[in-house]
Each structure stands twice: as C-alpha cells, then as structure tokens.
Amino acid sequence: MLVHDLIGIGFGPSNIALAIALEEARPAAPATKSLFIEQQPGFAWHPDMMLGDAHMQIAFLKDLATLRNPTSRYTFVNYLHEKQRLQDFINLKTFYPSRHEFSDYFAWAASRFAEQVAYGESVVDVRPEVRGDNVELLRIRSRDQAGRFSERLTRNLVLSIGGTPRIPPVFQHCASDDRVFHTHHYLRSIQANAHATRIALIGGGQSAAEIFLDLHGRANAPQVDLIMRARALKPADSSPYVNEVFNSEFVDHVFSQPAEARDAMLAEFRHTNYACPDPALIDQIFKIFYEQRVRGDARHQFLRRHDVIRARAAEDGVHLTLFDQNTSREVTQRYDAVVLATGYERVSHRTMLAGLAPYSEGFEVDRGYRLKTVNGFKPAVYLQGSNEPTHGLSDTLLSVTSVRGGEIAEGVLAAVRAGRTF
Ligand code: NAP
C-alpha cells in the first residue's frame, strides 16, 4: 500500500495554507506525497452563515499566504488581480471584505489543489501501525458518501477539523429536533422553519448579532427574543495594542508562559474574540429596540441576564423556562424555533485520535503544533485550531494561519528530507 508523506484531515483554510506552504517550499524542498481528506463534497466555508451583509472580522492581509510570503501567488491581492477586481476593491476602502468574497477566495485557492483532495470522505478513525516495538505509521480509515471504506497509510498527519457546535446541556435532549438548531446550520435550518413566527435566539456573540439582524429583516417578520446570560452586548476590541495578541510572534510569548499565566491572558483578552459582536452591529440592534419603543411596539424582546434552565419540545412548540438573574423569577415561554448562537468547542480531535491516546501525553502539543508522543511512536501528528490553551487566542482564527502552515510544512519537510526513514 502506498505510504503518504502527509495526510491532512479537513481541507479548510488551515490545511489549504499548509498545502500552499508545501508547494512554495519547492523546488528547494522535496515534493511530498500529500493527500487531504475532506468530508464535504466540495470546498465550502461556513455555508450556513453566509448572511447577506456579513463581512470579515479579520483584515484581508491575514489571508492564506501574505504574512508568511507576501510574494505568494495565493494572496488575496493576487486573487483580486486574477478576478480583475483589484482596482474596484481598492475603491471599497476596506480591510474587511464580505464573507462571501473571502469564501470565494478560499474556494479559488482550494481549487488549485483539487488533485490532492479526497472530497466527500469522513475519517472514521486513526490507528497506529505497529511494527515490532514501534508505531511506524498511521492507518487512516475513511468512509465515502456511498458508505464505502478506504484505508491509507501515512508518516505525517495534520488534523485541521475546525470547531464543533456547542450545544448547552439544557438543549442536548432536543438536539435531534429540527426546531432547535445551532448557528452552524442556520441558513438551511431557518429555511426548514420558514413558518416560525416566534423565535428564541440564545447567545450574545457575533453569530447571535448577525442572525438577529437577519431575522429582523425577514419577510415574515418573526418576533425574536434575544436571550443571553451577560448584562450587555460587548463590542469586539480590535484596537491596535490589543490586536497585538493576534500577531504571529505573540504565539512564542504565550507558549513560553506557565499554564496559569496563559489562562490569565486568555481571560484578559477573551472579548477580542468571544461573545463580542462588531460594534456597528451592536449599534444597529440598539437602534431597532429604540425604534420599537418609539412606536410602542413590542415585536422583539432583549432578555439579558437570563439563563435557560429547561427546554421541552412539544407538538405546539419548544417551551423554554428562563431564569431572570435580576429578579430570580422563572418564566416559561413557547417558541416555534430556537437558534443556539452558543459558539464552538474544539475537542473533536480527541475523539478522532482516540486510538492514539495510549501513545500521547494528554493530547498536548509542542510549540510546533506536534503532538507529544511516547518513545517508539515515530509518525508526526500535528493539530491546527485546537491549541488555544497553549498557543493563545489566535489559534482558532485566520490570524496565524499562513505562518502556522509554514511552520508545520517545515516539520513535515524535515521528516521527508530525513529520507522517509519512518
Ligand atoms: P461566541 O463568540 O463563542 O459566543 C457564544 C455566545 O453563546 C456567548 O454569548 C456565550 O455567552 C453564549 N453561550 C455559550 N454557552 C452558553 C450556554 N450554555 N448558555 C447560554 N449561553 C451560552 O460564538 P459566535 O458568536 O458563534 O462566534 C464564534 C467565532 O466565530 C468568533 O471568533 C467570531 O468572531 C466568529 N464569527 C465570525 C463571523 C464573521 O466573520 N462575520 C460571524 C460569526 C462568527 P457567555 O459570554 O455568557 O459565555
């Protein structure tokens, strides 16, 4: 069986950036036998959050290549040039393209690597290939959309599988009810719930803000209860000194700190990324509620400092029991649909790599994103996007994607240069 130099799981921005870095290392570096396995049938980047007016929250210069190699042909600027929109984009006078355009940029870059990607295959497990006393290789098993299984061997594995929707415990028993859905599935689920006129929207981050405005503008004019446990919608802080936490060099600083100091930094800068809508969206939401008051209308409610303590799916709707932290009162309300804008978790690598648990040190990675493993375990396993506790807030974002892709490419190429001896 062919042994790959590299198998990547997922072909979103992180692994595209890695593929670019590997390509750009040539001809000085050797060619690698690489394959990326992506469960979606073709490239797609958060397709169910492609809302009409949504734009990027990260400057376009933090694209797939610029910070690592500004002369790359894979920069956003070169994409604009090839699409003959560069001058018009300049006239937009923005650092923040629409999400639709950035998604098209990612798809454009992904299409250059089509022959290296197995689309429509889900990885079901990763097993150690034991030879003698050592684990020499990894065996990756995947299933395609027709249910057929494939097995492949590799010396290096890079997991870039993104986050999984966070479903609060109180909603877990409703997870299969089509009327209760996470923002990750928003557009397709709201279409399936097009008749819904009373909607609960849980959360106070960027997703909640974008969806509130989307629901507000829908033709059937649904009533939306925006429910969050915090006291106020707090804006994302993207001022220049604060934004330094997303610089690629800052990763070294974070990684060099003891665990308690890293935790303290994550807490201190949490509102650069989590539960922090764009200030312009907060202004729009405030205005909607203000105008409601002017008209004496009560279409939407903004329920702050409210916890959802019970959820019951019944024939006539989803009944939520809310606890008001201000009054300590409980109230139960009926909704046609519930949208969970409750963010993402980054733990699915543990499930996917469960077969390697005996060989790893609690799924910890080193500075170069490589899983720490026991002696005798020879393959290299890299994790992208699940290292926030050790590498800082930029780990889940595009901010360091191009530089990190280059760092991982160097590790992979060093192994390939070493003669593929493992
Ligand atoms: P988020 O920022 O993690 O916010 C999650 C929200 O859900 C918070 O308000 C949190 O409240 C609440 N929450 C979490 N668990 C809860 C629970 N058990 N009960 C009640 N509330 C709960 O998630 P997000 O808004 O989806 O954003 C995630 C990432 O995607 C961010 O990096 C964001 O910038 C990005 N994003 C970008 C765009 C764009 O580029 N246009 C669009 C959407 C999202 P607490 O604060 O109380 O925990």
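The values are calculated or read from the model by the stated rules, or taken from the named source; none is laboratory data. As the structure is a computational prediction, the values presented were derived from the model and not from experiment. Note that each Cβ is placed from the backbone with ideal geometry, even for glycine, and that neighbours are counted across all protein chains shown. Side chains are part of the model used for accessible areas, which takes the heavy atoms of the whole protein and leaves out ligands, DNA and RNA. Shrake-Rupley method; radii C 1.70, N 1.55, O 1.52, S 1.80 Å.
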I need a count of the residues in region 45-62 that are over 15 Å from the mean Cα position of the chain (by Cα) and either within 13 Å of the ligand (Cβ to nearest atom) or crowded, with 16+ Cβ neighbours inside 10 Å (or both).
8
Within region 240-260, is even one residue without any contact (Cβ under 8 Å) to a residue 24 or more places away in the chain, aliphatic (A, V, I, L, M), open to solvent by less than 80 Å² (accessible area, probe 1.4 Å) and not assigned by TED's automatic domain parsing to the domain that holds ARG404?
no
Could you give every pair whose Cβ atoms fall below 8 Å, whose first residue belongs to region 353-382 and is over 11 Å from GLY411 (Cβ atoms), and whose second residue is open to solvent by less than 10 Å² (accessible area, probe 1.4 Å) and of a type in the set (Gly, Ala, Ser), counting only separations of at least 6 or pairs across chains?
LEU371/ALA380
Among the residues of region 17-28, are any out of contact with any helix residue (DSSP H, G or I) (no Cβ under 8 Å at 6 or more places or on another chain), surrounded by fewer than 24 Cβ atoms within 10 Å (Cβ to Cβ), assigned by TED's automatic domain parsing to the domain that holds ARG152 and not charged (D, E, K, R)?
yes
Hits in region 207-249 - residues which are closer than 30 Å to MET265 by Cβ and polar (S, T, N, Q):
SER207, SER238, SER239, ASN243, ASN247, SER248
Scan of region 386-422 for residues that are outside any helix (DSSP H, G or I), open to solvent by 10 Å² or more (accessible area, probe 1.4 Å), within 15 Å of the ligand (Cβ to nearest atom) and of a type outside the set (S, T, N, Q), ordered by number
LEU397, LEU398
Any chance TYR74 is of a type in the set (Ser, Thr, Tyr), in contact (Cβ under 8 Å) with a residue 12 or more places away in the chain and either closer than 30 Å to SER238 by Cβ or out of contact with any strand residue (DSSP E or B) (no Cβ under 7 Å at 6 or more places or on another chain) (or both):
yes
Enumeration of residues in region 319-344 that are outside any loop (DSSP other than H, G, I, E, B), within 16 Å of the ligand (Cβ to nearest atom), surrounded by 22 or more Cβ atoms within 10 Å (Cβ to Cβ) and not hydroxyl-bearing (Ser, Thr, Tyr)
LEU320, VAL338, VAL339, LEU340
Got a sec? Which of LEU187, LEU226 is within 15 Å of the ligand (Cβ to nearest atom), touching a residue at least 12 places away in the same chain (Cβ under 8 Å), assigned by TED's automatic domain parsing to the domain that holds ALA298 and open to solvent by 20 Å² or more (accessible area, probe 1.4 Å)?
LEU187
Could you list, ordered by first residue, the pairs with Cβ atoms under 8 Å in which the first is in region 164-181 and more than 14 Å from GLY317 (Cα to Cα) and without any contact (Cβ under 8 Å) to a residue 12 or more places away in the chain and the second is open to solvent by 30 Å² or more (accessible area, probe 1.4 Å) and assigned to a loop (DSSP other than H, G, I, E, B), at least 6 apart or interchain?
ALA175/ILE167
Going by the conditions given, is GLU268 surrounded by fewer than 16 Cβ atoms within 10 Å (Cβ to Cβ) and either within 13 Å of the ligand (Cβ to nearest atom) or more than 28 Å from the chain's Cα centre (by Cα) (or both)?
no
